[in-house]
Amino acid sequence: MSALAAVVPAKDEAERIGATVAALRALPEVELVVVVDDGSSDDTAAAAADAGALVVRHPTNLGKAAAMTTGAARVAEEETRRGGPPWVLLFADADLEGSAAHLGPLAEPVRAGVADLAVANIPRAASSQGGGRVVRLARGQIETMTGRRVEQPLNGMRAMTREAFGWASPLAAGWGVEAAMLVDVLRAGGRVVEVPVPLTHRATSTDLAGQVHRARQMRDVSRALLERRFRGG
């Protein structure tokens with residue numbers, strides 16, 4: 001089966017990125033970990049490099065979609081340099097810490113050639129503390145446009161072929177990237193599966209900062225899906 005290259009977008013995650021990288025590198029199927037430091041103001045880049053990641057830095061914050069694109073491009077450069085077959089791309093959040101060690105099964109359907117995109121389905125207790133309005137919006141819109149129901153359409157932990165990444169490129173901006181990716185891959189005829197994975201990460205809180213985050217997420221997801229609704233299948 002194909003090996004994995006993990007791509008980790010990160011901003012101001014110096015306290016957690018080292019443990020996340022270490023857990024990813026310990027997975028036997030992972031041959032490369034690329035951390036994209038998206039304009040951090042702390043020591044994220046140094047901590048990632050110390051843990052053994054190949055680090056690419058954005059001088060300013062460009063957003064998750066840009067970080068994912070930069071990471072995938074860096075993986076492609078390494079593929080060319082090393083030779084051999086393309087890696088399966090494994091996208092992981094920077095704050096997973098040790099739970100990133102559970103990501104191996106997520107990629108198995110893609111590595112085995114039976115799926116083009118695999119999305120993690122994590123326990124409810126490990127997800128956001130919000131009311132789920134953005135998830136319900138994304139789930140409903142994706143089902144309307146593609147006929148496919150995805151339980152956790154905003155989950156950032158996912159594995160995919162390079163071809164599937166191309167179907168979704170250019171990626172939707174901001175927090176709309178995951179939902180838009182599902183629409184693009186499904187419309188291209190891609191095979192999408194959800195895989196239960198026992199991950200833990202920092203959940204979005206219910207305080208003012210959490211509410212602002214969810215408002216931005218709602219805006220970006222709505223915009224990305226509206227664009228695809230008008231674009232059609």
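The values are calculated or read from the model by the stated rules, or taken from the named source; none is laboratory data. Predicted, not measured: the structure shown is a model, and the values here were computed from it. In this analysis, Cβ positions are derived from the backbone assuming ideal geometry, glycine residues included, and neighbour counts consider all displayed protein chains. Quick note on the areas: whole protein, heavy atoms, side chains included, nothing else; ligands and nucleic acids left out. Shrake-Rupley method; radii C 1.70, N 1.55, O 1.52, S 1.80 Å.
Couple of notes before you dig in:
- Listed residues Leu89, Leu199, Leu62, most fluctuating in the chain (Gaussian network, C-alpha, under 10 Å): Leu62
- Linear extension gain, Leu226 paired with Glu151, 0.36 nm per residue minus alpha-carbon span: 25.0 nm
- Sorting 103-109, 225-231 by average packing, meaning the other beta carbons within 10 Å per residue, from highest down gives 103-109, 225-231.
- Accessible area per residue for the chain, computed on protein heavy atoms with a 1.4 Å probe, is 44 Å².
- Label selected from [x] 53, 43, 30; [y] 43, 42, 32; [z] 60, 43, 34, the criterion being Cα extents along the principal axes in Å as computed here: [y]
- Apportionment of accessible area to carbon and sulfur, the chain, percent (1.4 Å): 52 percent
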